[in-house]
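Have a look at the structure below, then the notes.
The values are calculated or read from the model by the stated rules, or taken from the named source; none is laboratory data. Because the structure is a prediction, the values reported are computed rather than measured. Methodologically, a virtual Cβ is constructed for each residue, glycine included, from the backbone with ideal geometry; neighbour enumeration extends over all protein chains shown.
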Amino acid sequence: NAITTIASQHKEAKYVYMTGDIIPHNVWSTTKEDNIRSIQHSGSRFKEILGEKVYPILGNHEPHPANVFAPPYIEKENSTEWLYEAFFDAWGSNLPPDARETFLKGGYYTVSPEPGFRIIALNNMFAYTYNWWMIMDPVDPASELEWFASTLYEAESNDEKVHILAHIPPGTPDQLKIWSREYARIIRRFDHIITGQFN
């Protein structure tokens with residue numbers, strides 16, 4: 001399978017980026033419970049085969065129903081909190097404690113796995129046109145862009161190079177225009193420290 005092939009053919013890889021969509025794409029057949037089981041199983045398999053060098057992000061198929069990521073202020077029964085908790089518990093063992101705080105707020109985090117290098121993992125489902133919660137609050141409901149800019153500023157101050165992980169490539173028609181515009185402004189400001197974007 002793909003994971004064992006990666007492990008055997010790329011032993012020198014320092015990091016593995018898992019860019020989301022663990023859940024099968026049969027969107028009308030998913031359940032919250034099945035999605036949690038898939039997240040737990042895949043997290044355990046990745047760790048078993050690849051160890052602690054995997055850095056994951058969420059895709060649009062991880063929640064149930066698919067594409068639906070609620071802003072952090074939505075009450076528990078309609079929130080995406082269950083997904084953030086299950087995903088972080090299954091995949092986040094190599095992440096620092098402060099990553100848990102931002103991940104549980106909105107599915108994003110940062111980590112510096114070695115001096116001079118930083119990974120910023122975004123949840124750009126808050127920019128996804130098929131996330132119907134964005135009709136209600138389309139600008140930056142989880143304060144992610146503000147956090148993103150301040151994290152890049154801190155990385156710049158510390159002379160760090162940065163990799164950015166996000167599920168949907170930037171600038172696609174599937175992203176809300178306001179979010180895309182502000183994201184592009186942040187990227188232009190810090191482009192001298194960004195050495196890669198992975199989607």
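Computed quantities for the displayed model
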{"quantity": "Pair list, Cβ < 8 Å and 6+ apart or interchain, from the stretch 37-50 residues that are within 11 Å of Ala86 (Cβ to Cβ) to residues that are of a type in the set (Gly, Ala, Ser)", "calculated": "Ile39/Ala86; Ile39/Ala90; Gln40/Ala86; Gln40/Ala90; Gly43/Ala90"}
{"quantity": "Only one of Phe69, Phe87, Phe46 that is assigned to a loop (DSSP other than H, G, I, E, B), surrounded by 12 or more Cβ atoms within 10 Å (Cβ to Cβ) and in contact with a strand residue (DSSP E or B) (Cβ under 9 Å, 6 or more places away or on another chain)", "calculated": "Phe69"}
{"quantity": "In the stretch 90-115, residue farthest from His64 (Cα to Cα) [restricted to those that are touching a strand residue (DSSP E or B) at 6+ places or on another chain (Cβ under 7 Å) and assigned to a loop (DSSP other than H, G, I, E, B)]", "calculated": "Pro96"}
{"quantity": "Residue in the stretch 168-199 that is nearest to the chain's Cα centre (by Cα), counting only those that are surrounded by 14 or more Cβ atoms within 10 Å (Cβ to Cβ) and assigned to a strand (DSSP E or B)", "calculated": "Phe198"}
{"quantity": "The lone exception for Arg118 - which of (1) over 16 Å from Asn131 (Cβ atoms); (2) at pLDDT 95 or above; (3) in a helix (DSSP H, G or I); (4) of a type outside the set (A, V, I, L, M) it fails", "calculated": "(3)"}
{"quantity": "Hits in the stretch 111-142 (condition: within 13 Å of Lys177 (Cα to Cα) and touching a Pro at 6+ places or on another chain (Cβ under 7 Å))", "calculated": "Phe126"}
{"quantity": "Hits in the stretch 115-141 - residues which are among the small types (Gly, Ala, Ser) and touching a helix residue (DSSP H, G or I) at 6+ places or on another chain (Cβ under 8 Å)", "calculated": "Ala127"}
{"quantity": "Any hit, the stretch 94-115, residues being aromatic (Phe, Trp, Tyr) and at pLDDT below 95", "calculated": "no"}
{"quantity": "Search result, residues across the stretch 30-44 that are under 23 Å from Tyr17 (Cβ atoms) and either touching a helix residue (DSSP H, G or I) at 6+ places or on another chain (Cβ under 6 Å) or of a type in the set (S, T, N, Q) (or both)", "calculated": "Asn35, Ile36, Ser38, Ile39, Gln40, Ser42, Gly43, Ser44"}
